[in-house]
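Every number in this text was worked out from the coordinates using simple rules, so none of it is lab data. In this text the structure is predicted, and so the values were computed from the model without any measurement. Heads up, the Cβs are rebuilt from the backbone with ideal geometry, glycines too, and the neighbour counts pull from every protein chain shown.
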Amino acid sequence: MQRRPGNFTLRQLDTFVRAARNGSFALTADQLGISQPAVSDHITALERHLGHKLFHRHRGTTPTLTPEGINMLQRAETLLSTSQAMCRDVSIGTEEEKVRIRLSIGSRSRDIYLKPLLARLYTELPHIELDISPALPLAQIASALEKREIDLLLYTVGRPPLRLPNIHLLENVPITMVASPETAARLECGMIRPEDLQFILPDMSTLSDHWLERQLTLAGMRPHRPIRYLGFSDVIQTMVEEGMGVSILMEEQVADALAAGRLVRFGPPMEPMRRIMARSPLAPRAAEALERLLIRQVSQRAPFG
């Protein structure tokens, strides 16, 4: 592709970065409030300016980045971050009053991503007062963002609503069925059947509408015993290690126990969960600085893709 003279726009860069991160032109169009052909036009214009393709695009398939697209993604994110920082410095530099940011966050994301950031937030963003609230039911999320009942959210969900404003799919979160070695051995030799197992699942009904329970059905598991739900994943892990039942837990949570042999995987592979972030269209500009820090924290600490 021959390079064409002229300047590309920040809008084109933003469209490219969102499409690359989303892996979907349709989702990017929803986020930006434009048509899917308009997304394609932005990216095509950027490709013509650069002189090479950024995506492999074929009808009916998911667009994937070319080698040039992979290289361009980091440069584009740097350019956008610099541009946003300049705008933020102009607006925040003149503010003396505190800005309250309402962050709704899942309990695990709070512990592994937000807590390590708190000291840094205190020094780097002293104008922000953080108001932390628990996760909302999925059906209420879009309305809460549109009305600015919350400014930002960071959740781990089964399948995210596609029409959330300013949504980022940060990572896939693999999940797996786990049992104690003794329970797994009894399963393998036929002493017990999968349907006889006592499943103890994390109580994620607020975020996932019994998504884990549906994964059992899709995997062909139909337990005879009623499924028990607990709100503390670490307690569930301990109960499973002690042979009190089996569960479906995030790989990132049980990785050490699996490596040490305290837990064993069983059953078929399962669809991963998704860690997402979204920002209210009415959120103050200062929320974007917090959003960028959280996104960077997730990308740096994420042990799974």
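Just a few scattered comments:
- Taking the charge dipole of the chain about its Cα centre, with +1 at Lys and Arg Cβ atoms and -1 at Asp and Glu Cβ atoms, the residue from HIS168, TYR122, GLN12 reaching farthest to the positive side is GLN12.
- Matching the structure-derived mean projected area of the Cα convex hull in nm² against the labelled list [x] 18.4; [y] 15.2; [z] 17.5 gives the label [x].
- In a simple Cβ point-charge model (Lys, Arg +1; Asp, Glu -1; nothing else charged), the chain has a dipole of about 900 debye relative to its Cα centre.
- In the chain, the sites counted are GluC sites (Glu not before Pro) in DSSP loop states with at most 16 other Cβ atoms within 10 Å, and the longest stretch holding none of them, exclusive of the sites, is 1-94.
- For the chain, built as a Gaussian network whose Cα springs stay under 10 Å, the top-fluctuating residue of PHE16, PHE232, PHE25: PHE232
- On Cα atoms only, tilt of 36-50 relative to the major axis of the chain in degrees: 60 degrees
- FRET efficiency, 1/(1 + (r/R0)^6) with R0 30 Å, evaluated for ARG285 and ARG265 via beta carbons: 0.10
- Residue exposure sequence - ILE141, ILE112 - by fewest surrounding Cβ within 10 Å: ILE112, ILE141
- Rounded to the nearest 20, the Cβ-based charge dipole of region 150-305 about its Cα centre (Lys and Arg +1, Asp and Glu -1) stands at 460 debye.
- Estimated FRET transfer efficiency (HIS49, ARG163; beta-carbon r; R0 35 Å; 0.05): 0.70
- When region 10-85 is reduced to its Cα atoms, the Kirkwood hydrodynamic radius in Å: 12.3 Å
- DSSP finds beta bridges in the chain, and of those with both partners inside it, around 60 percent are antiparallel.
- Among LEU263, LEU230, LEU154, residue whose mean-square fluctuation peaks in a GNM of the chain (springs only between Cα atoms under 10 Å): LEU230
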